[in-house]
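The values are calculated or read from the model by the stated rules, or taken from the named source; none is laboratory data. Remember, predicted model here, so these are calculated numbers, not experimental data. With ideal geometry, Cβ positions are generated from the backbone for all residues, glycine too; neighbour counts draw on all protein chains shown. Heads up: the accessible areas ignore ligands, DNA and RNA and are worked out on the full protein's heavy atoms, side chains in. Shrake-Rupley method; radii C 1.70, N 1.55, O 1.52, S 1.80 Å.
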Amino acid sequence: PNDESDEDAIPLEEIAVDDELWGEIKRVTAYGGYVELGAEVDGWLHFMDHPEFGLVAGAPPSEYMHVGNRVRVWAADVDSERMRLKLTAKRPPGLPGPRREIARR
């Protein structure tokens, strides 16, 4: 049976590489975590693509990726045929940055 959340899920075809998304970590593995984004599939965030990777040398993903954490991510690869969504928490190069006020003298 379909529940309401499945009907409201964002189709994978509507997500493009470099799209900014917000989600919640749902499961952590030895290699990264699955992030619920409101899409028809959860996205995969590899541990090396997490913003806290490397802060503690040799730390496993479970040290810095926790179920329930909200994360800002970007779509790194979208495979509609295989129903896979790869994510990164590293801002893609070439995207416009936040506006900054320039101090005038």
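The mean accessible area for residues of the stretch 1-62, using a 1.4 Å probe and ignoring ligands and nucleic acids, is 64 Å² per residue. Among residues other than Gly43 whose Cβ falls under 15 Å from its Cβ, what is the net charge (Lys/Arg +1, Asp/Glu -1)? After counting each charged neighbour, the total is -4. Each eigenvalue of the Cα gyration tensor of the stretch 4-53, multiplied by 5 and square-rooted, gives one semi-axis; in descending order these are 21, 13, 8 Å.
Scalar couplings 3J(HN,Hα) for the stretch 76-87, obtained by applying the Karplus form with A = 6.51, B = -1.76, C = 1.60 to θ = phi - 60°, are 9, 7, 10, 10, 5, 5, 8, 6, 10, 9, 9, 10 Hz; x denotes Gly and Pro. Proximity of backbone amide H atoms, modeled 1.01 Å from N, is registered between Arg84 and Asp79 at under 5 Å, excluding neighbours fewer than 5 places apart on the same chain. When the surface is traced with a 1.4 Å probe over the full set of protein chains, Asp19 keeps roughly 50 Å² accessible.
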